[in-house]
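Here is the structure we will look at.
The values are calculated or read from the model by the stated rules, or taken from the named source; none is laboratory data. Note that this is a predicted model, so its numbers are computed, not measured. All Cβ positions, glycine included, derive from the backbone under ideal geometry; neighbour counts span all protein chains shown. Areas reflect the complete protein model, heavy atoms only, side chains present, ligands, DNA and RNA absent. Shrake-Rupley method; radii C 1.70, N 1.55, O 1.52, S 1.80 Å.
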Amino acid sequence: STVNFALVGLGSLSTNQLAPALQKTKHAKLVGIVTGTPKKEKTWADKYGIQKQNIYNYETYDKIRDNEDIDVVYIVLPNGMHAEYTVRAAEAGKHVLCEKPMANSSEECRQMIAACDQNNRKLAIGYRCQFEPHHQQCIELARSEKFGSLKAVEAGFGFTIGDPNQWRLDAKLAGGGALMDVGVYALQACRYLTGEEPQSITAQETKTDPKKFAEVDETITWTMKMPSGVNCFCATSYAFRGVNRYHAYADKGWFGLDPAFSYGGLRGQTSEGAIEAPEVDQFAAEIDAFAKCILEDRESSVAGEEGLRDLLAVEAIYESIQSGRRVDL
Ligand code: NAD
């Protein structure tokens, strides 16, 4: 059987990745949309066969409550809107898949988790990499200690951001800059490679364009120490491109991906040779995994708690930048 999804926010990711992915999923189907742009209603209805009664806007959003055709609401709005729209979806009796970063703060993450719990709905975060075979092989290499015990992880993700007027540069809508948008991939990688939560964090920020980045961070480098002693050194930026990788160093060898966080074309290397893994649609894999959780009544491996843990680390990174000190968690 199939789980029926509605996409909320028909911007770039919904248009170019999620809707196409939902045509490839085995257990999930795109049946509904929520959009504030009337002309998208017709384009999407024609392209994806969305029925009129499954088309909503931001005024009618809560009426999804009365629609039995929709099982899951997939939140693809600016970060600062994730919490409100997740809570409202849960209160409308719908399961929620919410894009990364989960929300602007750990406080908001807790509200989202509580709303889904109270309404007995499942919540998952759009951490596509955890469903991608190259990443899964690296996680397995770390767990099996094939190259010995992990000692250090180096991870970074950045790009040069364009349009100075976009929501990603607005603190209220984005919650932060490069760290919130793409730094979370590096943070996630350190967490899933080590299987640990950071014990202490130090961070510093660089701003070369204080006008463009008046509200959000431009470039951040940070280190994290894990309880087992693994050291992580990370970078994220909106000001330079080319950093899209991780490298894990163990006492008998190393492994890593570069590029690591693109939608396809990932390449992996180890101290013994290349990592061979199939190319998959990461979004279809992530959506199908959540659909299966719903069909089998299981918790998602990327549930709200996973997003919360990232936000706790993100807040510690910002706190360390503010204080100029190491933050112990
Ligand atoms: P986008 O700007 O292309 O789309 C955002 C959509 O939200 C637009 O359709 C816009 O009209 C709508 N919207 C509604 N209210 C808005 C408001 N007040 N201000 C601005 N826009 C508003 O952004 P996107 O790249 O599609 O990103 C959406 C979400 O998906 C973000 O949370 C982002 O972090 C996440 N994302 C995840 C990945 C991934 O690989 N998992 C990739 C890109 C984006």
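Take Ala124 and decide whether it is modelled with pLDDT of 95 or more, part of a strand (DSSP E or B) and assigned by TED's automatic domain parsing to the domain that holds Cys98. Yes: the conditions hold for Ala124. Of all residues in the range 9-36, those being under 20 Å from the mean Cα position of the chain (by Cα), within 7 Å of the ligand (Cβ to nearest atom) and without any contact (Cβ under 8 Å) to a residue 24 or more places away in the chain number 1. Limited to the range 137-168, what total is found for residues that are touching a Gly at 6+ places or on another chain (Cβ under 7 Å) and within 13 Å of the ligand (Cβ to nearest atom)? Residues that pass the stated criteria total 1.
Of the residues Arg245, Arg191, the single one that is charged (D, E, K, R), assigned to a strand (DSSP E or B) and in contact (Cβ under 8 Å) with a residue 60 or more places away in the chain is Arg245. Per the listing Gly148, Gly126, the residue uniquely small (Gly, Ala, Ser), within 27 Å of Leu77 (Cβ to Cβ), in contact (Cβ under 8 Å) with a residue 60 or more places away in the chain and open to solvent by less than 30 Å² (accessible area, probe 1.4 Å) is Gly126. For the criterion of being within 13 Å of the ligand (Cβ to nearest atom), within 22 Å of Ala285 (Cβ to Cβ) and either assigned to a loop (DSSP other than H, G, I, E, B) or touching a residue at least 40 places away in the same chain (Cβ under 8 Å) (or both), Ala103 fails.
Considering only the range 51-91, how many residues are outside any helix (DSSP H, G or I) and either away from the ligand (no atom under 16 Å from the Cβ) or open to solvent by less than 10 Å² (accessible area, probe 1.4 Å) (or both)?
Kept after step one, since they are outside any helix (DSSP H, G or I), are these residues of the range 51-91: 51, 55-60, 67-78.
Filter again for either away from the ligand (no atom under 16 Å from the Cβ) or open to solvent by less than 10 Å² (accessible area, probe 1.4 Å) (or both), leaving 51, 67-75.
Looking only at that region, the number is 10.
Among the residues making up the range 251-278, those that are closer than 17 Å to Phe147 by Cα and either within 16 Å of the ligand (Cβ to nearest atom) or open to solvent by less than 30 Å² (accessible area, probe 1.4 Å) (or both) are Gly253, Phe255, Gly256, Leu257, Gly268, Thr270, Gly273, Ile275.
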